[in-house]
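To keep things clear, I will list the structure first and then write my remarks on it.
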Amino acid sequence: MTSIDPSRLVAEDLTLGYGDRIVVENLDLQVHTGVVTTIIGPNGCGKSTLLRALGRLLKPKSGKVILDGKAISSMRTKDVARVLGMLPQAPTAPEGLTVGDLVSRGRHPHQSWIRQWSSDDESEVANALELTGVGDLADRPVDELSGGQRQRAWISMALAQGTDILLLDEPTTYLDLAHSVEVLDLVDRMHEDMGRTVIMVLHDLNLAVRYSDQLIVMSQGKIVESGRPQDVISEQLLLDVFGLEATVIEDPVSDRPLIVPIGTRHVYGAVGGPQKSAAHSVAAPQSTN
Ligand SMILES: Nc1ncnc2c1ncn2[C@@H]1O[C@H](COP(=O)(O)OP(=O)(O)O)[C@@H](O)[C@H]1O
Ligand SMILES: [Mg+2]
């Protein structure tokens, strides 16, 4: 369901880059509250750069990010961390740090000199370990886990932080399809049952379509399209933005579109093979009138 709640996270006229290099220029964005938004776009188009700026890990060259009406750059780190959790792309843990310790670190923003580690923190951590299926790994060092286990440990930490807003950069990296679906089902529960606002980057377009209420399509540092997946995804967009020839069909499982890449391995429309759809104008330039 699309929320009509006012946006808690807003980007205003953001310009981002590294050194002299500008990656994102004059970008405006209002993140919908209480729903899952996914940023998609080709490699190197600036998705991680934008997410890092939204999470205050990257200082804008100009423009600002506003969280609950305040410029995020003027807020204290702890105050940001209580509202906004971030899982960066390919995070690394200090050598030897155990899964249990990593997930406990998610609770740090909630502690202070008057509020020490409590039974609340204990149960939040246990809950997060359980939900992400890494409870059995609590005593294992993070750097000795498989890619999939490690990714779930990091998600567990982000979950333990208990923030209303979660930024996840490619949370399914290293995961096979079954584990990707498992992690995204978990993300979905965080939004459905716990009312969290999720902004993530996914490279798998069909999973992005399936698990998002809103899509943001980026190309060369700009937002070229945004809206509901069923309104945004089209064969033309896939060709224009990703250079991907694909046919878009009805997903037999959900009410979302399903992207089927064409490639060269199979001759589209060959005898006994799939038939070319009339809508697939890319490979059928002859039908101009
Ligand atoms: N730390 C960095 N220093 C310099 N350039 C970077 C850095 N991180 C990313 N870039 C460059 O910025 C561009 C956008 O990168 P990124 O935001 O990571 O893209 P995406 O996440 O969409 O693949 C790329 O050209 C990349 O090489
Ligand atoms: Mg990235």
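Within the chain, DSSP assigns beta bridges of which about 60% are antiparallel (rounded to the nearest 5). Amide H to amide H distances under 5 Å link ARG256 with ASP251, where only residues 5 or more positions off or on other chains count and H is placed in the peptide plane.
From a point 7 Å beyond the Cα of VAL253 in the direction of its Cβ, which residues of region 205-220 have a backbone N at a distance under 19 Å? The answer is 205-214, whose backbone nitrogens lie closer than 19 Å to the label point. Taking label points 7 Å from Cα along the Cα-to-Cβ direction, ILE66 and GLU130 give a separation of 4.0 nm. Which lysines have a Cα lying under 26 Å from the Cα of LYS222, excluding residues fewer than 8 positions away in the same chain? List returned: LYS47, LYS59, LYS61, LYS64, LYS70. Only helical runs count toward this figure. For the chain, summing -39,500 (n - 2.57) over DSSP H runs of n ≥ 4 and dividing by all residues gives -8500 deg cm²/dmol at 222 nm. For the pair region 169-214 and region 3-48, the centres of their Cα atoms are 18 angstrom apart. Classify the chain: rounded, prolate or oblate, from the alpha-carbon gyration tensor (a ≥ b ≥ c, eigenvalue square roots; a/c under 1.5 rounded; otherwise prolate if a/b is larger than b/c)? Note, shape of the chain comes out prolate.
Every number in this text was worked out from the coordinates using simple rules, so none of it is lab data. Small disclaimer: the values here were computed from a predicted structure and weren't measured. Because the Cβ atoms are built from the backbone with ideal geometry, glycine has one as well, and the counts that use them run over all protein chains shown.
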